[in-house]
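The values are calculated or read from the model by the stated rules, or taken from the named source; none is laboratory data. Here the structure is a predicted model, which means the values were calculated and not measured. Positions of Cβ are generated from backbone atoms using ideal geometry, with glycine treated the same way; all protein chains shown enter the neighbour counts. Only protein heavy atoms, including side chains, enter the accessible area calculation; ligands, DNA and RNA are left aside. Shrake-Rupley method; radii C 1.70, N 1.55, O 1.52, S 1.80 Å.
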Amino acid sequence: MALERRLVLRVRDALSRADGQRADIERLAALVNEMDELFLLVIVGEYNSGKSTFINALLGDEVFAMGDLPTTRAISILRYGEPGPPETIAENVQLYHYPLEVLRDLDIVDTPGTNSIERMEEEITRQFVPRADLILFVTSLLQPLTASELDFLAHIREWGKKVVFIVNGVDRRNSDEQLDRVREYLAKEVTARLGGPAPTLYFISALQALRGRMAAKRGTSPDHGTSQLAGTPIPDPRNEYPALERYVLET
């Protein structure tokens, strides 16, 4: 990254000396600033798809509010630091801190639901998504790729961003065949709309993952609806949350 930064600075300086286009010089200056920022992980999707629950599962703590109503009405930025009440850093933008080691290297941005954001919130969301290094697109197993999510996909295609799709709610499935049908549908629909190779998909239960992390902190057995033998929960083989967590942390 240091080499790329020096090259961009050289090009910017050369353009300045040659009276280059002001827009090009400003874009290169912005690019240098982006290189100086932490890795930006942006979470998008409809409200009630489980975005906040997924982030809480990553943290192993209930930092963000969860519920059946649109709980994220502002852009929420999560950064390394001592936990406490969120800090309002701009209109409709709140900054949270949490002492998770991986947050030393990345910022996590939780956005309002694609079907609940008003004009101001949508404008702010579109300031963050184009800057994202990775977008996690959370959709519900019971309502995969709703109309508002499909509309948002069109903007993501314009911005040309790397997207990983998370299907939340495997604990609410009727059968394993339902998971297979949804996987096939999403692969076909996303490929048709975004182009390129087949999308990266993870089928998870964010709620089970969060309960498991919280129970581990308390030293108790998680109550997440799985079968148990001698008090030991049997993991759901179709819940890909552990693989998703590894992907996020390693990426």
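Checked against the criteria, P144 counts as in contact with a helix residue (DSSP H, G or I) (Cβ under 8 Å, 6 or more places away or on another chain) and surrounded by 15 or more Cβ atoms within 10 Å (Cβ to Cβ). When you check I156 against the structure, is it more than 22 Å from R211 (Cα to Cα), open to solvent by less than 60 Å² (accessible area, probe 1.4 Å), out of contact with any Lys or Arg (no Cβ under 7 Å at 6 or more places or on another chain) and modelled with pLDDT under 85, yes or no? Judged against the criteria, I156 is a match. Could you list, in sequence order, the residues of segment 159-177 that are closer than 15 Å to E240 by Cα and loosely packed, with under 15 Cβ neighbours inside 10 Å? Across segment 159-177, the qualifying residues are R172, D176. The residue pairs whose first member lies in segment 46-57 and is free of Cβ contacts under 8 Å to residues at least 60 places away in the same chain, whose second member is assigned to a helix (DSSP H, G or I) and open to solvent by less than 20 Å² (accessible area, probe 1.4 Å), and whose beta carbons are closer than 9 Å, counting only pairs six or more residues apart or on different chains, are S52/A206; I55/A206. Among the residues of segment 45-73, those that are over 20 Å from V102 (Cα atoms) and modelled with pLDDT of 75 or more comprise G45, E46, Y47, N48, S49, G50. Can you tell me which residues in segment 94-110 are at pLDDT 85 or above and either in a loop (DSSP other than H, G, I, E, B) or in contact with a helix residue (DSSP H, G or I) (Cβ under 8 Å, 6 or more places away or on another chain) (or both)? Those that are at pLDDT 85 or above and either in a loop (DSSP other than H, G, I, E, B) or in contact with a helix residue (DSSP H, G or I) (Cβ under 8 Å, 6 or more places away or on another chain) (or both): Y98, P99, L100, D105, I108, V109, D110.
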